[in-house]
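Below: one structure, written as structure tokens.
The values are calculated or read from the model by the stated rules, or taken from the named source; none is laboratory data. Only a predicted model underlies this, so the values are computations on that prediction, with no experimental measurement involved. Don't worry about glycine lacking a Cβ; one is built from the backbone with ideal geometry, like all the others, and counts go over all protein chains shown.
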Amino acid sequence: MASADVLVLGGGTVGAAIAYGLARRGAAVTVLDGADDDARAARANFGLVWSQSKGVGAPWYQRWTLDSLERWPGFAAELAELTGIDLHYRRNGGLTYCLGDAEFDARRTQMERLRIQGGLPEDHARMLDRAELQSLLGRVRLGDRVTGAGLCPIDGHVDPLRLLKALHAALLRNGGTVQAATPARTIRFKGGSFTVDTPRGRFEAPRLVIAAGNGASALAEQVGLHVPIQPQRGQILVTERLQPMLPMAASGLRQSEEGTVLIGATKEDAGMDRGTVLAHAAPMAARAIATIPALREARLVRNWAGLRILTPDGNPVYAESPQFPGAMLATCHSGVTLAAVHAFDLAEAWAPGRLPDRFAPFHHRRFNVPQAA
Ligand SMILES: Cc1cc2nc3c(=O)[nH]c(=O)nc-3n(C[C@H](O)[C@H](O)[C@H](O)COP(=O)(O)OP(=O)(O)OC[C@H]3O[C@@H](n4cnc5c(N)ncnc54)[C@H](O)[C@@H]3O)c2cc1C
């Protein structure tokens with residue numbers, strides 16, 4: 001039986017960030033990761049590091065997201081220094097393109113609501129009219145239907161695969177281990193310690209983090225946590241490498257450091273099916289061309305689908321087991337954006353043994369609201 005201070009079940013972006021955060025604070029951490037053919041959002045996502053539209057009606061989540069954006073530059077630099085991996089993180093602003101007046105008005109209303117809710121300054125985010133947006137894009141012509149965009153200067157993007165690789169490497173550099181293809185099957189608690197059985201042996205630790213994405217609910221049940229999680233399919237299209245044309249990332253449209261343009265992502269209720277469906281992806285391509293007509297000339301080279309991990313309100317859940325002290329579940333929809341607070345703030349808060357009260361709004365008891373008759 002292999003033992004550690006903490007077992008982290010799941011080596012996606014959420015599990016790896018928390019594991020790294022705990023290891024950099026001195027804990028002996030072992031990550032047990034799933035099978036190679038598991039649905040892994042960490043390997044299928046769009047790569048936005050994003051605050052726009054996060055936390056409407058949930059100021060605690062809005063604050064958490066903004067905290068993460070504040071930490072991101074130092075976090076990316078720390079990972080690069082430790083591992084030699086450049087994450088291709090760019091914090092040069094994020095856009096949400098609007099097609100037509102209705103989209104422009106709705107975006108303005110939502111941004112204003114978020115600004116007031118968060119007590120944020122006027123320049124935190126603003127609307128650009130079409131002329132301002134066109135001058136930002138320079139020689140790249142906007143489509144006729146584009147009325148403007150929301151702009152948030154602190155948003156940005158990252159290569160999510162480089163992020164995942166760097167988190168794993170940084171964990172190893174801090175003495176942690178990752179057991180690949182070692183899915184947790186059963187969890188038992190006895191004598192103040194958790195024993196986890198896997199097809200590759202038994203692992204033991206006094207503390208446990210369940211961060212297994214769409215596999216987390218089944219594991220959490222075993223420690224008395226009943227967390228509703230649903231998959232949501234998201235398809236992404238990728239073009240061939242193009243000359244630099246998009247000066248900043250946008251919701252649904254971003255150019256990678258290598259020159260490819262990513263177009264995404266659909267929101268589909270397809271269970272655990274990760275297949276691609278042209279009829280769903282095509283409107284996304286049409287919208288991208290309506291926004292930036294030059295993309296009509298670009299060849300598509302890939303189309304893939306990943307599964308988001310969604311709670312009923314789309315906001316994160318961090319919850320400790322009341323029956324089995326030392327077990328925590330962590331899940332969220334934006335694990336790339338939140339990677340910095342997971343590695344720094346969440347790991348620090350949980351390190352002494354109990355999540356502080358400020359995490360109470362993130363508990364899944366918020367879903368157990370009695371329904372009106
Ligand atoms: C199309 C799409 C676009 C997205 N775009 C963005 C974006 O722009 N910005 C952003 O911030 N986020 C984005 N996300 C979300 C982001 O990818 C996830 O939040 C992030 O990957 C974290 O997921 P995770 O670690 O919880 O789960 P996953 O990445 O799915 O990892 C879960 C891990 O748990 C393992 N596992 C499963 N069962 C077990 C078990 N029994 N025992 C041990 N391990 C197990 C799996 O093998 C896997 O490695 C997007 C997601 C999708 C699908």
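Annotations for the structure displayed:
- Scan of the stretch 159-192 for residues that are at pLDDT below 95 and touching a Pro at 6+ places or on another chain (Cβ under 8 Å), ordered by number: 192
- The residues of the stretch 126-158 include none that are surrounded by 20 or more Cβ atoms within 10 Å (Cβ to Cβ) and modelled with pLDDT under 95.
- Some residue of the stretch 43-51 being within 13 Å of the ligand (Cβ to nearest atom), surrounded by fewer than 22 Cβ atoms within 10 Å (Cβ to Cβ) and of a type outside the set (A, V, I, L, M, F, W, C): yes
- Any hit, the stretch 177-199, residues being crowded, with 22+ Cβ neighbours inside 10 Å and either within 22 Å of residue 302 (Cβ to Cβ) or not hydrophobic (A, V, I, L, M, F, W, C) (or both): no
- Residues that are within 14 Å of the ligand (Cβ to nearest atom) and either under 30 Å from residue 302 (Cα atoms) or among the polar types (S, T, N, Q) (or both) were ranked within the stretch 52-74; the one that is surrounded by the fewest Cβ atoms within 10 Å (Cβ to Cβ) is 53.
- Failed item in (1) modelled with pLDDT of 95 or more; (2) surrounded by fewer than 22 Cβ atoms within 10 Å (Cβ to Cβ); (3) out of contact with any helix residue (DSSP H, G or I) (no Cβ under 6 Å at 6 or more places or on another chain); (4) of a type outside the set (Lys, Arg), with residue 226 passing the rest: (1)
- Among the residues of the stretch 22-34, those that are assigned to a loop (DSSP other than H, G, I, E, B) and either more than 6 Å from the ligand (Cβ to nearest atom) or over 21 Å from residue 332 (Cβ atoms) (or both) comprise 24, 25, 26, 27, 28.
- When 286, 281 are checked against the criterion of being without any contact (Cβ under 8 Å) to a residue 60 or more places away in the chain, under 22 Å from the mean Cα position of the chain (by Cα) and over 26 Å from residue 343 (Cα atoms), 281 stands alone in meeting it.
- Condition check for residue 106 on (1) surrounded by fewer than 21 Cβ atoms within 10 Å (Cβ to Cβ); (2) assigned to a strand (DSSP E or B); (3) touching a Cys at 6+ places or on another chain (Cβ under 9 Å): one failure, at (2).
- Per-region count, the stretch 315-330, residues part of a loop (DSSP other than H, G, I, E, B) and within 11 Å of the ligand (Cβ to nearest atom): 1
- Within the stretch 62-110, the residues that satisfy the criterion of being in contact with a Ser or Thr (Cβ under 8 Å, 6 or more places away or on another chain) and among the aliphatic types (A, V, I, L, M) are 66, 69, 95, 99.
- Residue in the stretch 338-348 that is within 24 Å of residue 188 (Cβ to Cβ), aromatic (Phe, Trp, Tyr) and either touching a Gly at 6+ places or on another chain (Cβ under 7 Å) or not in a strand (DSSP E or B) (or both) present: no
- Selection status of residue 37, within 11 Å of the ligand (Cβ to nearest atom) and surrounded by 21 or more Cβ atoms within 10 Å (Cβ to Cβ): no
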